[in-house]
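Participant: Next up is a structure, given as structure tokens.
Derivation of every value follows stated rules applied to the coordinates shown; laboratory data play no part. In this text the structure is predicted, and so the values were computed from the model without any measurement. Methodologically, a virtual Cβ is constructed for each residue, glycine included, from the backbone with ideal geometry; neighbour enumeration extends over all protein chains shown.
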Amino acid sequence: MKSLVLRPGARVAAVLSAATLGVSCLAGAAAAAPATAEHPDAGNGFAISLAESSSLAYVGSSVTLTATTNTDVGPTPYFITVYSETTGAELAVCGAGTTCSATVSQSSPGTQTFEAFVGDAVLGDGHPGFPLVSSNEVSVTWWRFIFPGHPGRG
């Protein structure tokens with residue numbers, strides 16, 4: 001099972017190690033040719049999109065948000081996160097596969113905007129720790145039908 005990256009400093013250590021390796025190679029140390037990556041590395045090649053099952057919904061009804069990537073995040077250290085830009089809530093975090101879905105509803109009329117990310121996940125802070133790529137934003141508007149001649153009913 002994949003573990004979450006909880007410390008931002010771990011990313012710095014990995015970058016420093018890579019920089020040190022680069023210095024060693026420049027200094028003439030022999031190094032094997034890098035293997036061809038099977039999965040995108042640090043955003044190179046990752047793509048993500050977000051779709052909603054409906055952009056208009058009645059108050060109290062559910063809408064499904066589905067984030068889709070071009071590569072399985074399972075064998076990588078990254079996660080797919082579906083996020084509400086409006087409320088700051090993390091709605092779903094998925095550590096494997098190419099899709100991640102969240103079902104949302106709202107109890108009063110209004111609009112929310114959503115976005116998805118591929119990146120390191122830090123659960124609980126409402127945003128990926130280190131987003132590699134972000135999706136398009138989608139908005140969903142919840143509304144209440146009010147019958148003419150019957151104020152307050154809907």
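Participant: Quick check: pseudo-label points 7 Å beyond the Cα along Cα→Cβ at I146 and S134, how many nm apart are they?
Facilitator: Taking the two extended label points, one gets 3.5 nm.
Participant: While we're looking at this one, here's another question. In nm, to one decimal, how far is the E85 label point from the T98 one, both placed 7 Å along Cα→Cβ?
Facilitator: Spacing of the two 7 Å Cα→Cβ label points: 2.6 nm.
Participant: 5 Å is the cut-off here: which amide hydrogens, built 1.01 Å from N in the peptide plane, fall below it relative to N70, excluding neighbours closer than 5 in sequence?
Facilitator: Long-range HN contacts for N70: A47.
Participant: Please report C100, C94 as a ranked list, fewest other C-beta atoms within 10 angstrom at the top and most at the bottom. Walk me through the numbers on the way to the answer.
Facilitator: Numbers: C100 25, C94 20.
By the 10 Å Cβ count, ascending: C94, C100.
Participant: What residues have an amide H closer than 5 Å to that of A89, excluding those fewer than 5 places away on the same chain, when H is modeled at 1.01 Å from N in the peptide plane?
Facilitator: Under 5 Å from the amide H of A89: S84.
Participant: Which order do E52, E137, E90 fall in if you start with the one that has the fewest other Cβ atoms within 10 Å? Intermediate values should be presented prior to the final figure.
Facilitator: Working: E52 16, E137 11, E90 20.
Going from sparsest to densest Cβ surroundings: E137, E52, E90.
Participant: Listing V59, V140 from the residue with the fewest other Cβ atoms within 10 Å to the one with the most, what is the order?
Facilitator: Details: V59 15, V140 22.
Ranked by crowding around the Cβ, least crowded first: V59, V140.
Participant: For F130, what residues show an amide H to amide H distance below 5 Å, using hydrogens built from the backbone and excluding near sequence neighbours?
Facilitator: D120
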